[in-house]
Each structure stands twice: as C-alpha cells, then as structure tokens.
Amino acid sequence: MDIHEAAKQNNIDAIKSAISRGSNIHALNEDGSTPLCVAAQHGQTEACKYLIAQGAGSELQRPNILEVAVKGGHTDVVAVLWPNCNAAREYLALETAISLGFHEIADFLLENGGFRYCETDCVEKGGFPERPSSAFQQWERFFFVRQKRKLPMDRVYLDYALLLAAKAERNTGLRLSDFLLQEYLVDANSQIKINAGLETPLTAAAEYGNLDILELLISHPNTNFTICGKFKWPAFLHLLANSHAMSLQRGHDLARRLSFEIPSNEFFTGVVNMSMETAFSNLLRLNNSDLVKRVISLVRGGVGLLILPLLIRAHEVDGVKWMLNSRAMWASQPPPSLWVLLCRYFEDHEDQDALNLFISVASFLVDQNIWNSLILKCLHLRIFSFVQQFFYRDEVLGPPSQVTAATLNELPVALADHSLMEEWTSQNFANRALWNAVHYDLWTNPNFQKLLGCIPNLDRPDPLPIRRRLHFPTYQNISHAFLSDIGSEEALMNDASTGPVDRLRQGPYPSLKDYQGQFMALEQSNKRRLIMARQEQERFQESPVNDAPSLPANPCQEFNSRVLQDYQMQLMLLERQNKGRVLMARQEGGFHSPENPLHPRGVIAWAIFKGNYPLLDTLLLSGKINLKTQDSKGRNPLMYAIGARQTSIVKRLLEHGDIDLNLRDNEGNSATFYAVEGELLDIVRLLMETQLVDLSVRNNKGQTVQDFAKKGKKDKEIIAALTG
C-alpha cells in the first residue's frame, strides 16, 4: 500500500511497511501533500503521531498542516501537531478555527503557548483570507460566550472581527461592532490585509451599504474619515458606489458627513474601475453640487476622462479646458450612462451655463470624430432624449424605455430638421421609439401619429425582443394548426431545414447586426479600461509618489479581479442573448414585401395578438399599414387574426376594405381555410358576408374549404355557412 493511502486509512503497519521499503515520509503525492498532511486532513491522530515520531516536521510542510487540521475540525490532530509547529507562522489557524466555528480548537490554541500574531508573517503570506459575510456570526458567538474571560489574543484579531461585522449583510453585524468598540476599544481606523489588499471597517461598511454600522463607526471618537481601504479609496467614495445606499436620504446625509474631511491637494492613487463609474453615476443622480465639487477635489485628474461630466456639472471651466487638452481625450471616452445622466440633469434644470459648457465639449468631440455631429445639433435644439439615443447607438439594450415619452414630446422640434430625422430613422431609433410606445402604452401620446409618419415601414421588428419577452402575447396558447409554429421553441429547435447561420445569410437580419454592434461595444469598453490602466502605469512611472501601489508589467493586472470577471460575464450574457435572437430569427416570421424580403412580425401583428383594438385602429387610420403584406410563410394579418380567434379584429380588418380574402399562404391556404380549420363559425359567416370569397380555391394538396369542413365536428354548420 502507498504510504499516502496508508496515512489516509490510519494504517500504522502499512506505513511502517512503506518506510521499510524505502518510501520517503516527506514525499509529495499528486496533490502536493505529504503523508503527514494527508493524515491531518482526514483526522488520523495515530498516523500523525507515528509520522512525527519518524521525523515528519509539520513546520516544513506546505500548505500549513495545522490549518489543514483546523479546517477539518480535528481537535485531537491539532493537539498532536501543535508542539511541532512554529506558533508565529501559524497565525491563520486561530482565525480559521473561529471563523469556521471550531471554538474548542480556538480555545486550545489560545491556552497553549501564548498564541500571538506576527505582522511580518502576515504580510509575507498575503493577510487573512476572504470570508463569506456570515463568518462574523461565529466570531460573535465566540466573544459573547467568553466575554467574562480575558482572552490572550492579539489585537489584530479583534480588528479583523470588526471588519467582518462591518461587511455583514443588512447591518446584521451591528451588535458585534458595538460590542467590540465598547468592550475591547477596537480601533475603528485599523487596516487589515485581506488577501492582497488593505481594508478597514469604515470603508467596508460604506462599500456594503451598512448604514447603521457606518454611522456607529463615524460617531466613534477619533475615527479617521480619510483613511483608505480597498482600491485605496476612502469611505466617501465607497459609499457613493453603493447604489442602494445612495437611493436613501440617510445615505445622502452620511455621504455629506464623510465628505467634510476629504483631503485636497493630494495625489489620488486609487484604482479606477467599474465601481468608480457607478460612484460617479450615483453622484450625478444626487444633484448635489457640493458633493460633486468634493469628489473633484479628491480624484482630480487621477480618473482620466471619467471626471469630465462632473467638471461640466460643477462649472469647473479650467478643469474642463485642461481635460480637453489632455491626451486622454484621444484614448478613451466616458461610458454612455454618464452622458445620459448629464442629459437628464439638463432636462430637469434650466442651467444654461452648464449647457453651454457641455456644448463646447461636444463640439470638440465632434471635431475629433469621437461623437456624431447630430449630437451637437440635438443639444442646440434642447432635445435631450434624442441625444441619449445617439449615445447608445451601438448597444442592443439601448437607453431605458422612459426615454420614449420625452422623445415623443420633443418630436415636433426634431421634425423641423430633415437631416436629423433622416439619420434618426435610418439608425433604427424611430423604430425603437415606436416599439417603446407600443409596449408601454405611450401610443396615446398626441405625437404618436407624427412618429408613424417618420417610419417608412411599420413592419420592422422589435429591436429588443429579449428584454420585452414578458410583454409579448403568449403565443403557445394559440391552438391553431396553421399557427402552431409561432413562439414554439421546440418547433424552432427541431427545424433543421435551414440552419440559423444559413438563414441569417439570406438577408440582413437586425439580430445579427445588433449582436455585432454589441460585441464591438463590449470590446471597445474593455480596450478603454486597458488604455486607462496603461495611462495609470505611465503616470506613476513618470511621477512616483510615496505609498503608491506597485503596478505590474501588464496593466490589465491592476483590474484583473473585477474587470476581467465583468468582461467574461458580459461576453457570456451576450452569447446567450445571441442564441435567443438566432432562435427567434429562424421561424418567428415577419411581413415581407418586395422592398423587405423577410422581417419578423410588426406592430400590426402585435396589436392583433394582444387584442388591442384602439392601437389597431390608430395603426389602420395612419395609412401606413398594408394588410396584403405576408410573412415568411405567406400569412397576412387577417390570417393571424383568425388564427388568434380575434373575431372583433377580423370584423375590423374586413371593414378596412384594403384586403384580399383569397390571398394564399405558402401552403395554398386562404383566410377562409384558417377559419374553417379552426371551426370558427362566426368568422366563416363574416367572411362569406363580404361575397368576396372564392370557394373554388384549392391549396397545394388539392383541397377546398369544403374538404376541410368535413373533417371537423361542426361540419354541417360550417358547410351551411359556406354555401349560404
């Protein structure tokens, strides 16, 4: 038997036999563990004793054998290993025992050998590990059970417990925080190394939005508001980056209190990442000029072009001019969300000075071909909802749906500029506004008819089908043989007649264009962060400062933990969304005409399936709807209405007049076939009353409507209706 397997099974005879055959007691298995480590991991006390007696020293092993035994909760093994361990190097064992709830082991460690923390070893080993937010509960239980005992514990463990409590979810660590601050006089300014970075209780409470704990720490005597934690940020920035906390008035108040001691004229060495963008977004939403100015004084030029919307909002003319002359302007640009927030500020405030400054920035960006020239025209016309759409031109999800109402209200002003409307329409913004109005009942706006007049083809697809899936009709509930393919993912998956790639090659599908646009936007965003990392590295190399973070050779490493994960998650989401779009593009049909060979269902089909009579009337009265158009299977709106059993809508379509009752689908079936197949007697009578139905029509199988009628349960009634 192998010596490692013998140690695992606590087989002393097998261990002796292996050693007698020349096995090395320090040999590593495929996992990199020694026999002693294997025995400790599996709680084999006798095997540990024998191996130690044979010279297996736990202080020479990696990973830390004592910690391995602690993680397994093997108290007896810990007692065997302890005399052979160097206590100064085993500082993680105590933290592990308490955090995992093995408090009997923690008591043993504290009672034997005067257990102490060695700061030098902690730095070399990377600090304490990251624990789940629930770990504080074990520390709370440990302290409360032993609160009358004097614990020979180094102060760093008390600081660490306070940090865990500050990071607990929903302020559940408040009791432990208050206990540690009162009973042990823990330092609220302590900096604890977690993995590779420093954290503090104050910055952790701000980061996690634990406002009760944050207020407790702020009120504690001698608390330093400017001390930095993760990302080398003060608590003020961490709190701004917590969207939930900043949505509360209490969060605003605490942010103001933290901002009072924000240092000025200091070199900002903090990390710039996605959390910084979130902090700035939340800051712009607050509409608080004082906080904006304090953030500007804190970060200054250390965040690149991200600060530009803040400078404009605060009327910092000199700062804006400096940014315009910076090389950063050529390398990157702030994310669209920040510009959209700034536009919304102008929607709500008549701030002409700030707007003029924004226009000057836009003029520069247009001159450098960074922005579309129409953005500048929209700013001059004060149609800010149009500006927001141009910022999102390459993104599938686009701006929030609330933009639509403002777009309709500003439409009369935009209509005065022909070039603006032409490009707005050509880039699918008009169609996006149309579908927003349809889905969110904004089509009752007086300007909706003007919007319809801007769109050359109302049969274009919804550009956001994935996001709006909940708003679509439940097609699976439509029990009709000729429409069974609509919305059926199983049918789409089983259709191997034309692969998604081949089908996409047949025409310019918007889903493919959207996918390519979003993928390009994602790559551009990732490149922008890499450029910012490279600039940060160059800036520190040119002007090194004390306590500046060491920058790796590869600038991406500065953002590795968050940016890389975020990029990968966005890429996965993009691929998943694209699969859905391809799936929908395969059979979900749309109306086609000589100008548009293949398009998914338009708004007329949506109104039919929804049974939205007022919307249908509005669309029909617009004069933009052609009821003779057919989808990829040759079905027209009347066939959809019959298949959906919408008798009232069928009657309304027949009254419209511009309709061909004998138009046939790809199988040769006319609208009357649909009504007969569904045994819809009332609809059959409506069709026959028009006296426009040709009963001699045969489908591709040579069948007439009478042949269909004979198959149903209502054959006599249907045949009677057909013959008059």
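Tabulated results
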{"read-out": "Residues that are among the hydrophobic types (A, V, I, L, M, F, W, C) and farther than 21 Å from residue 368 by Cα, drawn from region 311-324", "value": "314"}
{"read-out": "Selected residue (only one of 363, 337 is hydroxyl-bearing (Ser, Thr, Tyr) and at pLDDT below 85)", "value": "337"}
{"read-out": "Subset of region 282-292 (residues that are among the polar types (S, T, N, Q) and buried (at least 21 other Cβ atoms within 10 Å of the Cβ))", "value": "282"}
{"read-out": "Only listed residue being over 30 Å from residue 204 (Cβ atoms) and touching a helix residue (DSSP H, G or I) at 6+ places or on another chain (Cβ under 6 Å), chosen from 258, 342, 284", "value": "342"}
{"read-out": "Among residues of region 699-718, those that are farther than 13 Å from residue 675 by Cβ and surrounded by 15 or more Cβ atoms within 10 Å (Cβ to Cβ), counted", "value": "4"}
{"read-out": "Any hit, region 164-186, residues being in contact with an Asp or Glu (Cβ under 8 Å, 6 or more places away or on another chain), modelled with pLDDT of 90 or more and at positive phi", "value": "yes"}
{"read-out": "Matching residues in region 242-271 - criterion: being aliphatic (A, V, I, L, M) and modelled with pLDDT of 90 or more", "value": "245, 246, 248, 254, 255, 258, 271"}
{"read-out": "Index of the failed condition, residue 215 passing every other in (1) within 21 Å of residue 178 (Cβ to Cβ); (2) surrounded by 20 or more Cβ atoms within 10 Å (Cβ to Cβ)", "value": "(2)"}
{"read-out": "Any chance residue 620 is over 34 Å from the mean Cα position of the chain (by Cα), modelled with pLDDT of 50 or more and either assigned to a helix (DSSP H, G or I) or closer than 14 Å to residue 638 by Cα (or both)", "value": "yes"}
{"read-out": "Pick from region 408-432, criterion in contact (Cβ under 8 Å) with a residue 40 or more places away in the chain and within 20 Å of residue 340 (Cα to Cα), ranking: surrounded by the fewest Cβ atoms within 10 Å (Cβ to Cβ)", "value": "423"}
{"read-out": "Test set (1) outside any helix (DSSP H, G or I); (2) crowded, with 20+ Cβ neighbours inside 10 Å - residue 343 fails condition number", "value": "(1)"}
{"read-out": "Given (1) surrounded by 22 or more Cβ atoms within 10 Å (Cβ to Cβ); (2) more than 25 Å from residue 346 (Cα to Cα); (3) not basic (Lys, Arg), index of the condition residue 266 fails", "value": "(1)"}
{"read-out": "Residue among 648, 632 that is in contact (Cβ under 8 Å) with a residue 24 or more places away in the chain, in contact with a strand residue (DSSP E or B) (Cβ under 9 Å, 6 or more places away or on another chain) and among the small types (Gly, Ala, Ser)", "value": "632"}
{"read-out": "Yes/no for residue 237 being part of a helix (DSSP H, G or I), more than 27 Å from residue 350 (Cβ to Cβ) and over 25 Å from the mean Cα position of the chain (by Cα)", "value": "no"}
{"read-out": "Candidate set: region 437-480, residues that are assigned to a helix (DSSP H, G or I) and modelled with pLDDT under 85; chosen: the one surrounded by the most Cβ atoms within 10 Å (Cβ to Cβ)", "value": "439"}
{"read-out": "Flag for residue 18 being closer than 25 Å to residue 103 by Cα and either aliphatic (A, V, I, L, M) or surrounded by 14 or more Cβ atoms within 10 Å (Cβ to Cβ) (or both)", "value": "no"}
{"read-out": "Residues within region 630-655 that are among the polar types (S, T, N, Q) and within 18 Å of residue 667 (Cβ to Cβ), tallied", "value": "3"}
{"read-out": "Selected residue (criterion: nearest to residue 204 (Cα to Cα)) from residues of region 129-182 that are part of a helix (DSSP H, G or I) and of a type in the set (Val, Ile, Thr)", "value": "156"}
{"read-out": "Residues satisfying the stated conditions in region 649-670, i.e. of a type in the set (A, V, I, L, M, F, W, C) and touching a Ser or Thr at 6+ places or on another chain (Cβ under 8 Å)", "value": "654, 661, 663"}
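The values are calculated or read from the model by the stated rules, or taken from the named source; none is laboratory data. Just so it is clear, the structure is predicted and the values come from calculations on it, not from any experiment. Backbone-built Cβ (ideal geometry, glycine too); neighbour counts: all protein chains shown.
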